[in-house]
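What follows is a set of notes on a single structure, which appears directly below.
The values are calculated or read from the model by the stated rules, or taken from the named source; none is laboratory data. For clarity, every value in this text was computed on a predicted model and none was experimentally measured. Here Cβ is always computed from backbone atoms with ideal geometry, including for glycine, and neighbour counts include all displayed protein chains.
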Amino acid sequence: MGSYKSPLAPPSINKNWWVVDLIMKSVSIIDYGKGNVRSVYNALDYIGVDSVVTKDHAEINNCSHIILPGVGAYGDAMSSIRAYGLDEVLNEQVIKRGKPFLGVCVGMQVLSSVGFEHGEHKGLGWVDAKVTKLEKGPECLKIPHMGWNQINLCSKHPIFRGFSDEMLVFYFVHSFFMQINESEKILASCNYGINFTAGIAWDNIIATQFHPEKSQDAGIELLKNFVNWAP
Amino acid sequence: MLKKRIIPKFLLNNGSLVKYKSFFNDKRMAGNPVSTAKIYNDYGADEFIILDIVPSDESKSKVLEIIKTISEEVFMPLTVGGGIKSLEDINLLLRAGADKIVINSQAVINPNFVNEAAKTFGDQCITISIDYAQIKDGVHRVFINGGRDRTKHNPIDWALKMQDSFCGEVLLTSIERDGNMNGYDLKMIKELDSKLDIPLVISGGCGGIQHCVDALNAGASALAISSLFLFTDHSPIKLRSHLYSNGVNVRASKNSRN
């Protein structure tokens, strides 16, 4: 239980999610393929941030932050990203202009150079990595890796500001994982029979294998830190 | 390590929350699904299962509305089903905010349906629901259409067959135990879990904390619970802290996380 606080004391940022800096924040949630992108929108709406689900290049150019949600399989995701010309927009806005970027699940996996989900597919290639299937281990683990799991941070990052160890439990659902060659870009790992990469980050880019928009208060906190992040 | 999941299960009859015993007896109204979902969200449940048990065109649009409302304020996985017959049914629910779709009768009626759905929306998106009962000593059969029609399938073989059709998860419900709160079918859980490569969610019979501990020890990945939460003073938060302090690998409760 928390200790008594005078009503006049300033609110602590971590415990009061509504205290966010809302000035000039707008988030583009990239719309590609089939699936549930509404939940990312709902989560941002819940913390009071303007967002738009879009594949319109002008809208993406005008926003302050970009989220690439996780929808469908690697190959499908990449072909619709290319079909809508989103790869060029993302390269321009994220790599050249340095807009804060969050990739979620498949939205993290496609940052790799190559993915092996139902065939071999070329990714965005922002990180030297490949995406391969989780294999059933000796401990008889179930595939897909579905449910809540603890992550371990490999380095500090503002996106986990205010997190205690016990809060670092997030919702995962995936059968493929990223094998990364640039170990300095690993932000967090997770154990599921093997240790795999649960999050990557460098410069203005962060991406997670888990779903913050489905991870209750921990996920809401992470999204709030993301929209307040000014790398 | 992956945590074991505690999943409140909601049964909807034309949009309102209901609960029976053994699928057909002792109908009880159990309140408003949206407000109950919000409360369980604050209690820190891990996921929701929401099933429309008497599906019709009218109830389907009500369910869509309910999922839409819940997903605006509840940020955890929503597993939704009942009367899923086509890819379009699935698409509508996903667009309304569902994350996983439960398929039951249609998998028996159209054996290719699960495979087709998994290919279109991803394996992890499809949960196969199996309702079973014992028809004579040691012989179990799968029932469809809300427990009304018996099929020729044995639940274990059927689950393995559905796994080969690329469903992502199995929801196993014992019709006899449903709502009776006298414990899960541990023998069936053990046997199925030892053969299954995908996660197993079990349902039917939970009446106390020890039942939950036993079922998780028998190999279940997750517990789907309704009566225990709806009709006793147990809540997801209470169950979680009991399990946690008994050394079961569940998420810590919300209070101790903050």
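Taking the criterion of being in contact (Cβ under 8 Å) with a residue 24 or more places away in the chain and surrounded by fewer than 20 Cβ atoms within 10 Å (Cβ to Cβ), the residues of segment A:94-103 that qualify are A:Ile95, A:Gly98.
Restricting B:Ala98, B:Ala118 to those that are within 14 Å of chain A (Cβ to nearest Cβ), assigned to a loop (DSSP other than H, G, I, E, B) and buried (at least 20 other Cβ atoms within 10 Å of the Cβ) reduces the list to B:Ala98. Here A:Val106, A:Val127, A:Val89 are screened, and the one residue that is modelled with pLDDT of 95 or more, surrounded by 15 or more Cβ atoms within 10 Å (Cβ to Cβ) and within 25 Å of A:Ala218 (Cβ to Cβ) is A:Val127. B:Ala252 satisfies every condition listed in (1) within 14 Å of chain A (Cβ to nearest Cβ); (2) part of a loop (DSSP other than H, G, I, E, B); (3) modelled with pLDDT of 90 or more; (4) touching a helix residue (DSSP H, G or I) at 6+ places or on another chain (Cβ under 8 Å) except (3). In segment B:24-40, is there at least one residue being within 14 Å of chain A (Cβ to nearest Cβ), surrounded by fewer than 20 Cβ atoms within 10 Å (Cβ to Cβ) and not in a helix (DSSP H, G or I)? Looking for residues that are within 14 Å of chain A (Cβ to nearest Cβ), surrounded by fewer than 20 Cβ atoms within 10 Å (Cβ to Cβ) and not in a helix (DSSP H, G or I), one finds none in segment B:24-40, hence no. Step by step: first the residues of segment B:189-207, then only those that are more than 14 Å from every other protein chain (Cβ to nearest Cβ) and small (Gly, Ala, Ser), then the one that is surrounded by the most Cβ atoms within 10 Å (Cβ to Cβ). Which residue is that? Among those that are more than 14 Å from every other protein chain (Cβ to nearest Cβ) and small (Gly, Ala, Ser), it is B:Gly204. Taken together, A:Ser80, A:Ser113, A:Ser51 contain a single residue that is of a type in the set (Gly, Ala, Ser) and free of Cβ contacts under 8 Å to residues at least 24 places away in the same chain, which is A:Ser113. Return the residue satisfying two criteria in turn: it lies in segment B:48-74 and is touching a strand residue (DSSP E or B) at 6+ places or on another chain (Cβ under 9 Å) and within 12 Å of another protein chain (Cβ to nearest Cβ), and of such residues it is farthest from A:Gln216 (Cα to Cα). Top of the filtered list is B:Ile67.
Given the criteria of a type in the set (Gly, Ala, Ser) and surrounded by fewer than 21 Cβ atoms within 10 Å (Cβ to Cβ), does A:Ser175 qualify? So A:Ser175 passes the test. Taken together, the residues in segment A:181-231 that are touching a Pro at 6+ places or on another chain (Cβ under 9 Å), within 12 Å of another protein chain (Cβ to nearest Cβ) and of a type outside the set (A, V, I, L, M, F, W, C) amount to 6. When A:Leu222, A:Leu153, A:Leu187, A:Leu134 are checked against the criterion of being over 24 Å from B:Ser71 (Cα atoms) and in contact with a helix residue (DSSP H, G or I) (Cβ under 7 Å, 6 or more places away or on another chain), A:Leu153 stands alone in meeting it. Within segment A:151-180, can you find the residues that are at the interface with chain B (Cβ under 10 Å from one of its Cβ atoms), touching a strand residue (DSSP E or B) at 6+ places or on another chain (Cβ under 9 Å) and small (Gly, Ala, Ser)? Within segment A:151-180, just A:Ser175 meets the criteria. When B:Asp164 is tested against (1) touching a residue at least 24 places away in the same chain (Cβ under 8 Å); (2) more than 19 Å from B:Tyr132 (Cα to Cα), only condition (1) is not met.
The strands (runs of 3 or more DSSP E) found wholly in segment A:44-112 include none carrying at least 1 residues that are under 15 Å from A:Lys25 (Cα atoms) and basic (Lys, Arg).
When B:Tyr244 is tested against (1) touching a residue at least 24 places away in the same chain (Cβ under 8 Å); (2) within 14 Å of chain A (Cβ to nearest Cβ), only condition (1) is not met. Scanning segment B:135-153 for residues that are surrounded by 15 or more Cβ atoms within 10 Å (Cβ to Cβ) and over 18 Å from the mean Cα position of the chain (by Cα) yields a count of 4.
If the condition is being touching a helix residue (DSSP H, G or I) at 6+ places or on another chain (Cβ under 8 Å) and either within 14 Å of chain A (Cβ to nearest Cβ) or free of Cβ contacts under 8 Å to residues at least 24 places away in the same chain (or both), then segment B:222-240 contributes B:Leu223, B:Pro236, B:Ile237. Tell me which of these A:Glu120 doesn't satisfy, since it passes every other one: (1) without any contact (Cβ under 8 Å) to a residue 40 or more places away in the chain; (2) closer than 17 Å to A:Phe210 by Cβ; (3) not small (Gly, Ala, Ser). For A:Glu120, the failing item is (2).
Taken as a whole, the condition of being more than 10 Å from chain B (Cβ to nearest Cβ), over 27 Å from B:Asp164 (Cβ atoms) and of a type in the set (Gly, Ala, Ser) does not apply to A:Gly115. Beta carbons closer than 6 Å, at least 6 apart along the sequence or on distinct chains, pair a first residue in segment B:97-108 that is over 18 Å from A:Gly72 (Cα atoms) with a second that is buried (at least 22 other Cβ atoms within 10 Å of the Cβ) and among the small types (Gly, Ala, Ser) for B:Asn104/B:Ser129.
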